[in-house]
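Since the structure comes first, as structure tokens, the remarks are kept for the end.
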Amino acid sequence: MSKFEALAGNEAVATAMRQINPDVVAAYPITPQTSTVQKFADFVADGLVDTEFVTVESEHSAMSACVGASAAGARVMTATSANGLALMWEIVYIAASNRCPIVMSLVNRALSAPINIHCDHSDVMGIRDSGWIIIFSEDGQEAYDNLIQAVRIAEHPDVLLPVAVCQDGFITSHGMERVEIYDDEDVKAFVGTYEPKWPLLDIEHPKTYGPLDFYDYYYEHKRQQVEAMENAQQVVLDVAAEFKEKFGREYGLFEKYRLDDAEVAVVVLNSTAGTAKVVVDQLRDEGLKVGLLKPRLFRPFPAQELAQALSHLKAVAVMDRSISFGAMGNAGPLYLELAAALATHGVHIPIADYVYGLGGRDILPHEIEQVYRDALQIAATGRVEQMVTYLSVRE
């Protein structure tokens with residue numbers, strides 16, 4: 001039977017890793033991810049898993065070890081944050097290009113400089129074009145559930161791509177919450193046994209990994225990655241349906257909260273969605289028709305489904321915890337992608353962006369309330385007076 005435990009988000013993720021019992025984990029400590037692999041190292045030391053735990057000298061080496069182990073045919077996991085992910089940069093691309101189904105817990109943290117150890121989404125947005133599937137988690141429960149599902153998604157024969165499961169640094173990674181932990185045997189049965197398709201150590205069927213790949217085949221290999229990413233969206237839904245049947249929790253491409261009859265909505269990732277739900281309820285009590293859409297799957301980006309879900313609204317406000325420097329209006333990545341999705345799929349409604357919380361600055365309910373009131377004003381006038389607003393910044 002499942003049981004409820006008081007766990008920080010990192011502990012919940014480490015618990016999922018214990019239940020999955022991967023063949024290899026290679027990781028290097030970096031705040032605020034450190035306690036994930038610290039806890040998992042305890043499981044290794046206590047003999048609760050038979051994982052080969054590789055202690056490396058850097059994150060570049062961690063991802064390199066993961067790629068090597070995955071190519072050999074192992075089920076592989078890792079964890080990192082911010083500058084650690086940046087140090088993995090070269091190998092992050094190699095992992096996806098070599099179709100290595102590695103699962104990574106990514107605890108979102110601001111990238112330097114100046115040095116900052118607190119939450120924003122600049123780290124994950126830096127790898128959005130690398131070929132990794134990217135999933136976001138509002139709380140510790142979702143981080144736990146998403147990590148379990150990520151194994152099945154990554155290893156699906158129609159996908160075979162690495163998956164990053166995100167949660168907000170310190171806010172959920174170190175915040176203690178009530179998390180339902182499923183029975184070990186049920187999790188083990190759900191993830192199943194990994195059967196690698198092209199293991200390098202299958203000497204009866206020789207193959208080559210990471211060769212020099214010029215214009216004669218490189219283009220085709222990139223096109224194959226596109227095909228795998230296109231397949232991933234349906235696999236995410238299929239795995240979620242199985243997960244609901246097995247464990248009772250429902251997941252999809254995104255979550256709608258009081259959205260169906262709303263006139264305006266906020267779109268926001270990760271933990272801030274939990275605060276926004278409280279604000280939605282308060283404004284609903286005032287008779288205001290507001291709602292929320294919380295994306296779960298960011299890569300592949302479910303553009304058509306998002307456009308359809310938002311098509312009935314009079315205005316949309318996006319909240320971004322990162323900036324795409326030099327992009328249109330110096331807006332955030334979520335805004336830019338969503339604006340393109342709406343336009344491409346013929347949904348012509350005003351949309352504004354609100355950058356917030358960089359470097360871990362708190363986002364308060366009254367600030368989110370102001371975003372909703374701005375959206376209601378935009379809906380009333382049909383005009384966006386300011387495309388990008390920087391919430392709570394001293395200007």
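Could you list, in sequence order, the residues of region 255-301 that are over 23 Å from PRO162 (Cα atoms), of a type in the set (A, V, I, L, M) and in a strand (DSSP E or B)?
Residues satisfying the conditions are VAL264, ALA265, VAL266, VAL267, VAL268, VAL290, LEU292, LEU293.
When you check ALA262 against the structure, is it assigned by TED's automatic domain parsing to the domain that holds VAL318, in contact with a Ser or Thr (Cβ under 9 Å, 6 or more places away or on another chain), farther than 21 Å from PHE170 by Cβ and at pLDDT 95 or above, yes or no?
No: the conditions fail for ALA262.
From the residues in region 13-65 that are in contact with a Phe, Trp or Tyr (Cβ under 6 Å, 6 or more places away or on another chain) and more than 20 Å from VAL107 (Cα to Cα), which one is surrounded by the fewest Cβ atoms within 10 Å (Cβ to Cβ)?
Looking at the filtered set, the residue picked out is VAL44.
Consider GLN304 carefully, then state whether it is surrounded by fewer than 17 Cβ atoms within 10 Å (Cβ to Cβ), out of contact with any helix residue (DSSP H, G or I) (no Cβ under 6 Å at 6 or more places or on another chain), closer than 28 Å to ALA240 by Cα and in contact (Cβ under 8 Å) with a residue 40 or more places away in the chain.
Yes; evaluated as a whole, the condition is true for this residue.
Of the conditions (1) buried (at least 24 other Cβ atoms within 10 Å of the Cβ); (2) under 14 Å from the mean Cα position of the chain (by Cα); (3) of a type outside the set (A, V, I, L, M, F, W, C), ASP139 satisfies every one except a single condition; which number is it?
Only one criterion is unmet by ASP139, namely (1).
Of all helices (runs of 4 or more DSSP H) completely enclosed by region 1-87, which ones contain at least 3 residues that are in the same structural domain as ASP186 (by TED's automatic domain parsing), closer than 24 Å to ASN98 by Cβ and not acidic (Asp, Glu)?
59-72, 82-87
Within region 197-253, count every residue that is exposed (fewer than 13 other Cβ atoms within 10 Å of the Cβ), assigned to a loop (DSSP other than H, G, I, E, B) and free of Cβ contacts under 8 Å to residues at least 60 places away in the same chain.
Final tally of qualifying residues: 15.
The values are calculated or read from the model by the stated rules, or taken from the named source; none is laboratory data. Bear in mind the structure is a predicted one, so any value in this text is a computation, not a measurement. Please note: Cβ atoms are built from the backbone with ideal geometry, for glycine as well, and neighbour counts cover all protein chains shown.
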